[in-house]
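The values are calculated or read from the model by the stated rules, or taken from the named source; none is laboratory data. Given the structure is predicted, the values throughout are model-derived calculations rather than measurements. Positions of Cβ are backbone-derived with ideal geometry, glycine not excepted, and every protein chain shown enters the neighbour counts. Keep in mind that these areas ignore ligands, DNA and RNA; they rest on the heavy atoms of the full protein, side chains included. Shrake-Rupley method; radii C 1.70, N 1.55, O 1.52, S 1.80 Å.
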Amino acid sequence: MLELQDFVSSNLDKKKIVTTYSVDLSAAFDLLRPDLFYDNIKNTIPSNLMKTILDFLSGREFSVQLNNTRSLTRKLKVGCVQGSILGPKLFTLYVSGLSNLFKDAHLVTFADDSYVSAASNTMEEAKDKLISHLTIHDNFLRNIGMVTNVAKTELVFFQRPRSAVKCPESIIVNNEVIIPKDSIKVLGISFDKDLSWKTHFENIAKKAKYTLAKMRFLSKYLDQSSMKKVITSHYFSTIYYGSQVWLGETTLSKHWHLLNILHYKGIRTVCRDFRKRKRKAELDSILGRAKPKQWMKFSCCKLAIKLMQLERNGPPMSLSLLQNLYYNDRTGKSSIMDTSRQKIGKESFKNRLLCFKDIDFNWKNLPNDDALRITLKRVFFK
């Protein structure tokens, strides 16, 4: 998701039009063919490992039981075990040939979800690329036994509002009509056509309201310690899912306000303070969670520290600076909740991080971890 966000935003900054689509597959895992899998992957996987994988995919049987009646057993000649750890990885390998087909596009895949993006200077160029990519994509999937539903393809034209031009009302591919949308959902995160994240924040608010209703009911029967665990694992994890993609310095103030409201609603549920009698400072001390902005900066710091630790000859002074931003030197304990006690001085958090611009990172020698690279460059190297 970070790769897709970086590709779209960087090209929008160049005043280009970006198209992104996702093809809908019907019963994808049930149609994986072991013979085609072997033909496509045999030169990239050791023979002993390939035999193990083929053994995992072949020899499977099924039957149907209704009440006390059970059908005869039949053999499955195609398909992959759904819900298994190995299943998504095998399917990703099965469709890995897609990467060789799109030379002028950006491809992001995970299991049966694939997202193809391309940048263009004009709307006509964007339309031509889109039709070409969709045709190639559809033909490839059909050749490996997949059943595609082109009519259900999700498609978005990303543009900056100030330089936006009119998008085509529909795209015709293989005699199927595709209607562009205002947003596209990528692994649970809604990307708006102008990257405003408005749709995603609306979805967060709906999920939070639904989850809080359940949490409020549970709070009648669980003590405060148990409620802390439940609210952290089921409420805050839902709110901040994928936040490294959509949460940052460019987030609108109204969205920060929404996150703050949801933050304190969750804490009040833990305390059963539904009449809002407790002050926010008191609530913060009860749960011990960082506020949205503090959490965002802290999580970015952790990613930056991880990236710098992966670099063999990384600058130790910069690493200690990041650690000192949110950790007390004397106790070694996290002090992210009480920012007033941190010896940051008059400089703001953002100004303190400007020192990273003077660091000569050797990006080519770093491990191939694009998510970390993109996050660090997007947050710290503006």
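Mind checking the per residue accessible area of segment 188-296 for me, 1.4 Å probe, whole number of Å²?
Working: 5980 Å² over 109 residues.
Value for segment 188-296: 55 Å² per residue.
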Taking only protein heavy atoms into account and a 1.4 Å probe, give the accessible area per residue of segment 57-172 in Å². 58
Could you work out how far the C-alpha centroid of segment 42-56 sits from that of segment 191-225, in angstrom? 44
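If the chain between I136 and K209 were fully stretched, how many nm would it gain, using 0.36 nm times the residue separation less the Cα-Cα distance?
Here the answer is 22.1 nm.
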Give me the one-decimal nm value for the distance between modelled label points at K103 and D30, 7 Å along each residue's Cα-to-Cβ direction. 3.9
Percent accessible area from carbon and sulfur atoms, segment 142-203, protein chains only, probe 1.4 Å: 47
Total charge of the residues flanking D113 in space, meaning their Cβ is under 11 Å from its Cβ, with Lys and Arg +1 and Asp and Glu -1, is -2
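Counting only protein chains, not ligands or nucleic acids, how are L12, L36, L86 ordered by accessible area (probe 1.4 Å), most first?
The most accessible residue leads, giving L86, L36, L12.
Between S9 and V230, take the C-beta separation as r, use R0 = 25 Å, and let me know the FRET efficiency to the nearest 0.05.
0.10
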With 32 Å as the limit, write out which pairs from K214/K293; K89/K265; K127/K209; K16/K265; K181/K220 have Cα-Cα distances beyond it, or answer none. K89/K265; K127/K209; K16/K265; K181/K220
Of 270-280, 174-184, ordering from highest average Cβ density within 10 Å down gives 174-184, 270-280
If R0 = 45 Å, then L54 and S170, at their Cβ-Cβ distance, give a FRET efficiency to the nearest 0.05 of 0.55
Per the C-alpha gyration tensor (a ≥ b ≥ c, the square roots of its eigenvalues), segment 1-157 is rounded if a/c is under 1.5, else prolate if a/b beats b/c, else oblate; here it's prolate
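Compute, for segment 101-142, the length of the dipole vector about the Cα centre, with Cβ point charges of +1 (Lys, Arg) and -1 (Asp, Glu) only. Units Debye, rounded to 20.
That gives a dipole near 80 debye.
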Dipole magnitude of segment 243-302 about its Cα centre, charges +1 at Lys/Arg Cβ and -1 at Asp/Glu Cβ only, in debye to the nearest 20? 320
At a 10 angstrom cut-off on C-beta neighbours, averaged per residue, how do the peptides 157-167, 24-34 rank from highest to lowest? 24-34, 157-167
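When the accessible area of segment 1-110 is split by element with a 1.4 Å probe, what percent falls to carbon and sulfur?
Details: 3470 of 6720 Å².
The C+S portion of the solvent-accessible surface of segment 1-110 is 52 percent.
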